[in-house]
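Engineer: One structure coming up, written as structure tokens, with questions to follow.
Readers should treat all values here as calculations from the given coordinates under stated rules, not as data from a laboratory. No experiment lies behind these values; they were computed from the predicted model shown. As a convention, Cβ positions derive from the backbone with ideal geometry for all residues, glycine included, and neighbour counts pool all protein chains shown.
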Amino acid sequence: MNFNDTEIVSSIMKDSGWEVTQNVDEADAILLNTCSVRENAETRIFNRLKHFENKFKKRKDKSIVGVIGCMAERLHEHLLNLQHTVSVVIGPDEYRKLPQMLEQASSGNKGVAVKLSKVETYDDIAPLRTEGVSAWLSIMRGCNNFCAYCVVPYTRGRERSRPLLSIVQEVKGLHEKGFKEITLLGQNVNSYKDEGSKATFDALISEVAEISKSLRVRFTTSHPRDMSDRLIEAVAKYDNICKHIHLPVQSGSNRILKKMNRRYTIEHYLGIIEKIKSSIPNIALTTDIIAGYPDETIEDHQATLDLIKEVQYAGAFMFKYSPREGTKAFAEEDNVTEEVKIERLNEIIQLQNSIAKELNSLDKGSTLEVLVEQPSKRNPNEWMGRTSTNKITVFPNEHKKYSAGDYVNVKIKRTTSATLYGEVVEQ
Ligand code: SAH
Ligand code: SF4
């Protein structure tokens, strides 16, 4: 989501005559787009700001430094007081003010703009995209769910959806430009609703899938409470809707889910998983898990491990609980010790990795369609791409026979918990 926001910001800046540079030393302005979901994300930004402060001590011509995004929204003017290097602070709904505020900052006027909007979706702004295979596309902004631990509803405001027609138009444009894969984004994509036609997410994704058979469609993140049968049917029906569903569960314990205000039970969640698995063969499921939530007992933790075993996730984002000021959970005592949090998190990671390894090994011997992305990090003669199930697949490409954006069929020879390795077979 922040990648896509950065593209929107770059577009706003470009329209005012600014240019993007990858070289910090030649930048007139440096914008840090930030996340507040966990403390760790914010610590990294503070370290980066410290780094700039030290760098500027040695220089006469200082760049303007701006903090944008969720941290700007959460800390607003405190950021100016905490960090003297920062002169512009802009929240997620005020990006249109950036050029004007940078102008003011260059004549010495620091500024803060953090008003949240009920309507801003930047619908009329064409994000400045740099890479030509996969594109991110925010179809909605904000969140109304107020999970007890989560800062997002406070930093990104109320949920609002972009009009269906303009999303479909944007995807058509991306397809014409040669993009091969688009990911529809939202904090809760499956509660998408077009205000005019009242169309829901299943209708939107079906229309997007109809644009071209050669365009892959992905979506994230879905909330288990809003997972409709119609959406599951759409994923099953269209070959080009990728066979991967990210469905964050957070915990395997009903008691903890209730405290988290997730508004579903494990029984409901498993019911959806069952429906998905029976309607879509070869679907890959992934999830998010929080370890060490306030009051989490060893039995609650065990319930999470049991759930992971039962569902058999292809992958998971696994986190330690991080108290966020202003949320409902912040008022509770963060009473699982750091040591126990780490122990439980490691246990979850270990279990999940062994399941992913096992599941990936089942792909050995099969031939899978892969969308080619780029050379692999380890060896320039080997390239990587992804399967429809979002598995990273590495294959030899010595004479650059295959280019980014090609579809190839890869016969899988070897697998690990994170990667499939194979060779392209011509068909
Ligand atoms: N809207 C999405 C993603 C939200 S943030 C969703 O509801 O799934 C991504 C993930 O960060 C969450 O799913 C959750 O697992 C994790 N997260 C959010 N707040 C957290 C906190 N305070 N501590 C630890 N993990 C958190
Ligand atoms: Fe946060 Fe819950 Fe909204 Fe996801 S659904 S962004 S976890 S409040």
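Engineer: Figure the gain on full extension for Val119 and Ser354 (residue separation times 0.36 nm, minus the Cα-Cα span) and round it to one decimal in nm. Walk me through the numbers before you get to the answer.
Structural biologist: On the way: separation 235, 0.36 × 235 = 84.60 nm, distance 4.44 nm.
Using 0.36 nm per residue and subtracting the Cα-Cα distance, I get 80.2 nm.
Engineer: Using a 10 Å cut-off around each Cβ, can you sort Val336, Val37 from fewest to most neighbouring Cβ atoms? Don't jump to the answer; show the numbers that get you there.
Structural biologist: On the way: Val336 21, Val37 16.
Ranked by crowding around the Cβ, least crowded first: Val37, Val336.
Engineer: Okay, next question. So, counting K/R as plus one and D/E as minus one, what does the shell of residues with Cβ under 11 Å around Thr200 add up to?
Structural biologist: Values: positive: Lys193, Lys198, Arg230; negative: Asp194, Asp202, Asp226.
That sum, taken over residues with Cβ under 11 Å, equals 0.
Engineer: Convert each backbone phi in the stretch 419-424 into a coupling constant with the Karplus relation 6.51 cos²θ - 1.76 cosθ + 1.60 (shift: θ = phi - 60°), then list the ³J(HN,Hα) values in order as whole Hz, x for Gly and Pro.
Structural biologist: 9, 9, 10, x, 10, 6
Engineer: Between Gln374 and Leu270, what length in nm is gained on full extension when 0.36 nm per residue of separation is reduced by their alpha carbon distance?
Structural biologist: Numbers: separation 104, 0.36 × 104 = 37.44 nm, distance 3.66 nm.
Gain on stretching Gln374 to Leu270: 33.8 nm.
Engineer: Helix-only mean residue ellipticity at 222 nm, the chain, DSSP H runs n ≥ 4 weighted -39,500 (n - 2.57), per residue, nearest 500. What is it?
Structural biologist: So the calculated ellipticity at 222 nm is -11000 deg cm²/dmol.
Engineer: Regarding the stretch 151-244, what is the average projected area of its C-alpha convex hull, in nm²?
Structural biologist: Details: hull surface 25.6 nm².
About 6.4 nm², averaged over all directions.
Engineer: Please work out the FRET efficiency for the pair Thr130 and Ser16, using the Cβ-Cβ distance as r and a Förster radius of 22 Å; give the result to the nearest 0.05. If you can, show how the numbers build up before the last one.
Structural biologist: Working: r = 19 Å, r/R0 = 0.85.
Computed FRET efficiency for Thr130 and Ser16: 0.75.
Engineer: Can you give the convex hull volume of the alpha carbon atoms of the stretch 235-308 per residue, in Å³?
Structural biologist: On the way: hull volume 6.4 nm³, N = 74.
Residue-normalised Cα hull volume stands at 86 Å³.
Engineer: Can I get the semi-axes of the chain's equivalent ellipsoid? Compute them from the C-alpha gyration tensor as square roots of 5 times the eigenvalues, in angstrom, largest first.
Structural biologist: Details: eigenvalues 236, 164, 106 Å².
Semi-axes from the Cα gyration tensor: 34, 29, 23 Å.
Engineer: Just the Kirkwood number for the stretch 2-113, please: inverse of mean 1/r across all distinct Cα pairs, in Å, one decimal.
Structural biologist: Numbers: mean 1/r = 0.0710 Å⁻¹.
For the stretch 2-113, the Kirkwood estimate is 14.1 Å.
Engineer: Now a separate question. Assuming R0 = 30 Å, what is the FRET efficiency of Val340 and Thr419, from their Cβ-Cβ distance, to the nearest 0.05? Walk me through the numbers on the way to the answer.
Structural biologist: Numbers: r = 32 Å, r/R0 = 1.06.
Calculated transfer efficiency: 0.40.
Engineer: When the Cα atoms of the stretch 213-340 are enclosed in a convex hull and the volume is divided per residue, what value in Å³ results?
Structural biologist: Details: hull volume 14.9 nm³, N = 128.
Per-residue hull volume (Cα only) is 116 Å³.
Engineer: Considering only the chain, what is the antiparallel percent among its DSSP beta bridges, to the nearest 5? Before the final figure, lay out the partial values.
Structural biologist: Details: 23 of 60 bridges.
Rounded to the nearest five, the antiparallel share is 40 percent.
Engineer: Which semi-axis lengths, in whole Å and largest first, follow from the square roots of five times the eigenvalues of the Cα gyration tensor of the stretch 70-203? Intermediate values should be presented prior to the final figure.
Structural biologist: Numbers: eigenvalues 180, 79, 32 Å².
Its equivalent ellipsoid spans semi-axes of 30, 20, 13 Å.
Engineer: Then there is this: For Lys115, give me every one of the aspartates and glutamates with a C-alpha distance below 13 angstrom, ignoring sequence neighbours fewer than eight places off in its own chain.
Structural biologist: Glu73, Glu77, Asp93, Glu94
Engineer: Lysine pairs in the stretch 2-113 8 or more apart or on different chains: how many have alpha carbons under 16 angstrom apart? It would help to have the intermediate numbers written out before the result.
Structural biologist: Working: Lys14/Lys97; Lys50/Lys58; Lys50/Lys62; Lys62/Lys110; Lys97/Lys110.
Lysine pairs, 8 or more places apart or on different chains, close enough: 5.
Engineer: For the chain, which cysteines have no disulfide-compatible partner, meaning no other cysteine Cβ under 4.7 Å?
Structural biologist: For the chain, the answer is Cys35, Cys70, Cys143, Cys242, because their Cβ atoms have no other cysteine Cβ under 4.7 Å.
Engineer: Simple spin-label model, 7 Å along Cα-to-Cβ: His399 to Glu195 in nm?
Structural biologist: 5.7 nm
Engineer: Okay, moving on. Bin width 5 Å, alpha-carbon pairs only: give the P(r) of the stretch 367-424 as whole percents, running from 0 to the bin holding the largest distance.
Structural biologist: 5, 22, 38, 27, 8, 1
Engineer: If the only charges are +1 at each Lys and Arg Cβ and -1 at each Asp and Glu Cβ, what is the size of the charge dipole of the chain around the Cα centre, to the nearest 20 debye? Show your work: numbers first, answer last.
Structural biologist: Numbers: 59 positive and 59 negative charges, 85 e Å.
That gives a dipole near 400 debye.
Engineer: How many nm is it between the label spots at Asn240 and Asn81, if each spot is 7 Å from the Cα in line with the beta carbon?
Structural biologist: Those two pseudo-labels are separated by 5.4 nm.
Engineer: Distance between Cα centroids, the stretch 188-264 to the stretch 1-79: provide it in whole Å.
Structural biologist: What the calculation gives is 32 Å, centre to centre.
Engineer: Sticking with this structure for a sec: Largest first and in whole Å, give the semi-axes of the stretch 326-427's equivalent ellipsoid, each being the square root of 5 times a Cα gyration tensor eigenvalue. Working shown, then result.
Structural biologist: On the way: eigenvalues 290, 50, 29 Å².
Semi-axes from the Cα gyration tensor: 38, 16, 12 Å.
Engineer: Within the stretch 367-424, how many lysine pairs that are 8 or more places apart, or on different chains, have C-alpha atoms less than 16 Å apart?
Structural biologist: Working: Lys377/Lys391; Lys377/Lys400; Lys391/Lys411; Lys391/Lys413.
Eligible lysine pairs with Cα atoms under 16 Å apart amount to 4.
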